[in-house]
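Peer 1: This structure is in structure tokens; I'll ask about it shortly.
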Amino acid sequence: MSLYKTYYDSPIGKLLLVSDNNNLIGLWIKNQKYYLGSLKENLIEKDDLPILMQTKNWLDRYFKCEEPKIDELSLKPDGSKFRKLVWQILCDIPYGNTRTYGEIAHEVASRLHKKSMSAQAIGGAVSHNPISIIIPCHRVIGSSNSLTGYAGGIKIKKDLLELEGVKI
């Protein structure tokens with residue numbers, strides 16, 4: 001299977017966008033932790049691929065504070081069933097809002113019909129989100145409203161939240 005890439009120069013740095021031809025499967029901030037995730041395939045540069053062009057348009061609108069909707073893009077992040085569940089919950093966090101790791105753990109436990117779920121397990125899934133910004137892992141904060149953990153770095157997390165109007 002061929003995978004395609006393009007780059008996007010954003011206010012927070014250079015972004016790498018990756019597609020399987022029909023879906024966005026990755027969006028990484030240059031030098032972020034877990035850059036490229038588990039991808040091993042050779043990436044072919046293709047700036048005019050429709051999904052990659054749509055993603056660039058989405059990002060243009062996002063960085064202009066126009067609040068584009070996640071479901072405007074065809075996303076296909078690769079991960080375990082557990083991680084995909086966490087990432088889906090992240091997609092439900094509204095623009096300009098935050099949730100704690102504990103709140104997400106409670107939601108995951110509820111959906112999986114379990115008594116509880118550790119916030120650390122949630123943190124692991126959140127940190128391995130392969131579609132940064134669009135799947136809004138930057139909206140997840142610590143229990144004391146602290147800006148804990150972000151694969152792109154705390155400064156970028158803070159910048160994204162401030163862009164969305166979140167009071168830090």
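Peer 1: Can you name the residue in segment 96-119 that is within 24 Å of Glu164 (Cα to Cα) and either polar (S, T, N, Q) or touching a residue at least 24 places away in the same chain (Cβ under 8 Å) (or both) and is also least open to solvent (accessible area, probe 1.4 Å) among such residues?
Peer 2: Top of the filtered list is Ile104.
Peer 1: Regarding Ala125, is this residue open to solvent by less than 20 Å² (accessible area, probe 1.4 Å), among the aliphatic types (A, V, I, L, M) and farther than 24 Å from Tyr34 by Cα?
Peer 2: no
Peer 1: Within segment 113-125, does at least one residue satisfy the condition of being within 20 Å of Gly13 (Cβ to Cβ) and in contact with a helix residue (DSSP H, G or I) (Cβ under 8 Å, 6 or more places away or on another chain)?
Peer 2: no
Peer 1: Considering every residue within segment 105-116, establish whether at least one is charged (D, E, K, R) and within 23 Å of Gly152 (Cα to Cα).
Peer 2: No.
Peer 1: A further question follows. Within segment 123-135, work out how many residues are touching a residue at least 60 places away in the same chain (Cβ under 8 Å) and over 17 Å from Ser19 (Cα atoms). If you could, list the steps in order and put the result at the bottom.
Peer 2: In the first step, residues of segment 123-135 are kept if they are touching a residue at least 60 places away in the same chain (Cβ under 8 Å); the result is 127-128, 130-135.
Next, only the ones that are over 17 Å from Ser19 (Cα atoms) stay: 127-128.
Total satisfying the criteria: 2.
Peer 1: Now a separate question. Has segment 83-93 got at least one residue that is assigned to a loop (DSSP other than H, G, I, E, B) and either open to solvent by less than 30 Å² (accessible area, probe 1.4 Å) or under 20 Å from Leu27 (Cβ atoms) (or both)?
Peer 2: yes
Peer 1: Also, I was wondering about something else. Pairs needed: first member in segment 32-50, free of Cβ contacts under 8 Å to residues at least 24 places away in the same chain; second member anywhere, loosely packed, with under 15 Cβ neighbours inside 10 Å and of a type outside the set (Ser, Thr, Tyr); C-beta distance under 9 Å; at least 6 residues apart or different chains.
Peer 2: Pro50/Asn22
Peer 1: Now a separate question. Return the residue satisfying two criteria in turn: it lies in segment 36-60 and is basic (Lys, Arg) and surrounded by 14 or more Cβ atoms within 10 Å (Cβ to Cβ), and of such residues it is farthest from the chain's Cα centre (by Cα).
Peer 2: Ranking the candidates gives Lys46 first.
Peer 1: Of (1) in contact with a helix residue (DSSP H, G or I) (Cβ under 6 Å, 6 or more places away or on another chain); (2) modelled with pLDDT under 95, Pro136 satisfies all except one. Which?
Peer 2: (2)
The values are calculated or read from the model by the stated rules, or taken from the named source; none is laboratory data. What you see is a predicted model, and the numbers here were worked out from it, not measured in a lab. Note: ideal-geometry Cβ built from the backbone for every residue, glycine included; neighbour counts use all protein chains shown. The area values use the complete protein model at the heavy-atom level, side chains included, leaving out ligands, DNA and RNA. Shrake-Rupley method; radii C 1.70, N 1.55, O 1.52, S 1.80 Å.
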